[in-house]
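Engineer: Shown below is the structure under consideration.
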Amino acid sequence: MLLSNATWLPIPPTDTSAWVYYSLVIAAVIVMGIAKSGFGGGVGILAVPLIANAMPADRALGVMLPILIVADVFAVHQHRGQWSWPHMRPALLGAAIGIGLGTLLYFLLQAGSKDNLEAQLSLFVGSICLLMVAVQVYRLCGGKVPKLPGNKPTAITAGAAAGFTSMLAHAAGPIMSIYWLDQKMGKRVLTGSLVFFFILVNLAKLPSYAKLEMITAGSLKESAFFAVFVPIGSLLGIVMHHRIPEKPFTAVMYAGAAVAGGWLIVKVIV
């Protein structure tokens, strides 16, 4: 009753209870803050499917983008100066191409019915999350991902894949992590490059999201409300980084992402 009478609070979707809505979105934002500040961003893949289970997928993506940028600001400050422009430049060019392709695909999806758009986006988000989790689990279990050369065409291709995936699901962290891990950048430079790369990618997505009406006055109200939980996640991430073993925590986050992403797909199919 208290939540429903508070007019200053964001309004949950009609088919989602207020407590489920607020619990899932707040949990997702805190996870994102933890991931960005304490664990390199990869485990933040859990955030998007969590939010997409609380609201329509296009609304979830639009609400999440400004929150991601806020989390990126904290992470960039934490890792300031620890990035490699030679590695980022070609990847950013590729990301611009990928964002353009993702925007075009979304325009094509919007040409259909609203119900079809929601179903297709949920399938995209769920499938991308499951794919990224599968790749990461394969690596954690000792599997060898084919080594890619560190030349400009490969960097552009990796950046394009990341830009496209990020545009549709905010879940491209594993793509650049896997690619740059082979480039012998060093842990600090790798983390800093990932953080700075993705704040630029997320900022570049803003015009497309606004044009596609994924970001609206209503979504910005939701983003502003939930963004206050980012610093909590960031502080937890810094503390947890020094006190919690990374592999068990990562395994739990990936398991959660697999369940949340899988449920998005099940809801569409069933």
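The values are calculated or read from the model by the stated rules, or taken from the named source; none is laboratory data. This structure is a prediction, so every number in the text was calculated from the model and none was measured. Cβ: placed from backbone, ideal geometry, glycine included. Neighbour counts: every protein chain shown.
Engineer: Could you tell me whether Ser177 is assigned to a helix (DSSP H, G or I), surrounded by fewer than 24 Cβ atoms within 10 Å (Cβ to Cβ) and either touching a Gly at 6+ places or on another chain (Cβ under 8 Å) or free of Cβ contacts under 8 Å to residues at least 12 places away in the same chain (or both)?
Structural biologist: Against the criterion (assigned to a helix (DSSP H, G or I), surrounded by fewer than 24 Cβ atoms within 10 Å (Cβ to Cβ) and either touching a Gly at 6+ places or on another chain (Cβ under 8 Å) or free of Cβ contacts under 8 Å to residues at least 12 places away in the same chain (or both)), Ser177 qualifies.
Engineer: Would you check if Met240 is touching a helix residue (DSSP H, G or I) at 6+ places or on another chain (Cβ under 7 Å) and more than 22 Å from Gly102 (Cα to Cα)?
Structural biologist: So Met240 passes the test.
Engineer: Related question: From the set of residues in segment 125-157 that are closer than 22 Å to Phe249 by Cβ and not in a helix (DSSP H, G or I), which is modelled with the lowest pLDDT?
Structural biologist: Out of the qualifying residues, it is Val145.
Engineer: Please work out if Ile34 is buried (at least 18 other Cβ atoms within 10 Å of the Cβ), within 12 Å of the chain's Cα centre (by Cα) and in a helix (DSSP H, G or I).
Structural biologist: no
Engineer: Anything in segment 214-252 that is loosely packed, with under 15 Cβ neighbours inside 10 Å and hydroxyl-bearing (Ser, Thr, Tyr)? List them, or say none.
Structural biologist: Answer for segment 214-252, where residues must be loosely packed, with under 15 Cβ neighbours inside 10 Å and hydroxyl-bearing (Ser, Thr, Tyr): just Thr216.
Engineer: Now for a different question. Could you list, ordered by first residue, the pairs with Cβ atoms under 9 Å in which the first is in segment 217-245 and farther than 13 Å from Pro10 by Cα and free of Cβ contacts under 8 Å to residues at least 60 places away in the same chain and the second is part of a helix (DSSP H, G or I) and of a type in the set (A, V, I, L, M, F, W, C), at least 6 apart or interchain?
Structural biologist: Val228/Val29
Engineer: Could I ask something else about it? Quick check on my filter: what residues within segment 130-159 are under 16 Å from the mean Cα position of the chain (by Cα), buried (at least 17 other Cβ atoms within 10 Å of the Cβ) and within 18 Å of Gly102 (Cβ to Cβ)?
Structural biologist: Answer for segment 130-159, where residues must be under 16 Å from the mean Cα position of the chain (by Cα), buried (at least 17 other Cβ atoms within 10 Å of the Cβ) and within 18 Å of Gly102 (Cβ to Cβ): Met132, Gly159.
Engineer: Mind checking which residues of segment 74-124 are in contact with a helix residue (DSSP H, G or I) (Cβ under 7 Å, 6 or more places away or on another chain) and of a type in the set (Asp, Glu)?
Structural biologist: Glu118
Engineer: Quick check: anything in segment 45-52 buried (at least 24 other Cβ atoms within 10 Å of the Cβ), touching a residue at least 40 places away in the same chain (Cβ under 8 Å) and of a type outside the set (A, V, I, L, M, F, W, C)? Spell out the reasoning first.
Structural biologist: We begin by selecting, within segment 45-52, every residue buried (at least 24 other Cβ atoms within 10 Å of the Cβ); these are 45-52.
Narrowing the set further to residues that are touching a residue at least 40 places away in the same chain (Cβ under 8 Å) leaves 45-50, 52.
Retained after the next criterion (residues that are of a type outside the set (A, V, I, L, M, F, W, C)): 49.
Yes, segment 45-52 contains a residue that is buried (at least 24 other Cβ atoms within 10 Å of the Cβ), touching a residue at least 40 places away in the same chain (Cβ under 8 Å) and of a type outside the set (A, V, I, L, M, F, W, C).
Engineer: From Ser166, Ser127, Ser193, grab the single residue that is closer than 30 Å to Val266 by Cβ, more than 13 Å from the chain's Cα centre (by Cα) and touching a residue at least 60 places away in the same chain (Cβ under 8 Å).
Structural biologist: Testing whether each residue is closer than 30 Å to Val266 by Cβ, more than 13 Å from the chain's Cα centre (by Cα) and touching a residue at least 60 places away in the same chain (Cβ under 8 Å) leaves just Ser127.
Engineer: Further question on the same structure: Regarding segment 247-259, can at least one residue be identified that is part of a loop (DSSP other than H, G, I, E, B), hydrophobic (A, V, I, L, M, F, W, C), farther than 17 Å from Met64 by Cβ and modelled with pLDDT under 85?
Structural biologist: No, segment 247-259 has no match at all.
Engineer: Ala171: outside any loop (DSSP other than H, G, I, E, B), touching a residue at least 24 places away in the same chain (Cβ under 8 Å) and small (Gly, Ala, Ser), yes or no?
Structural biologist: no
Engineer: Just to be sure, is Leu101 in a helix (DSSP H, G or I), modelled with pLDDT of 85 or more, within 17 Å of Ala171 (Cα to Cα) and more than 14 Å from the chain's Cα centre (by Cα)?
Structural biologist: yes
Engineer: Has segment 194-206 got any residue that is more than 22 Å from Leu105 (Cβ to Cβ), in contact with a Phe, Trp or Tyr (Cβ under 6 Å, 6 or more places away or on another chain) and at pLDDT 85 or above?
Structural biologist: Yes; the residues of segment 194-206 include at least one that is more than 22 Å from Leu105 (Cβ to Cβ), in contact with a Phe, Trp or Tyr (Cβ under 6 Å, 6 or more places away or on another chain) and at pLDDT 85 or above.
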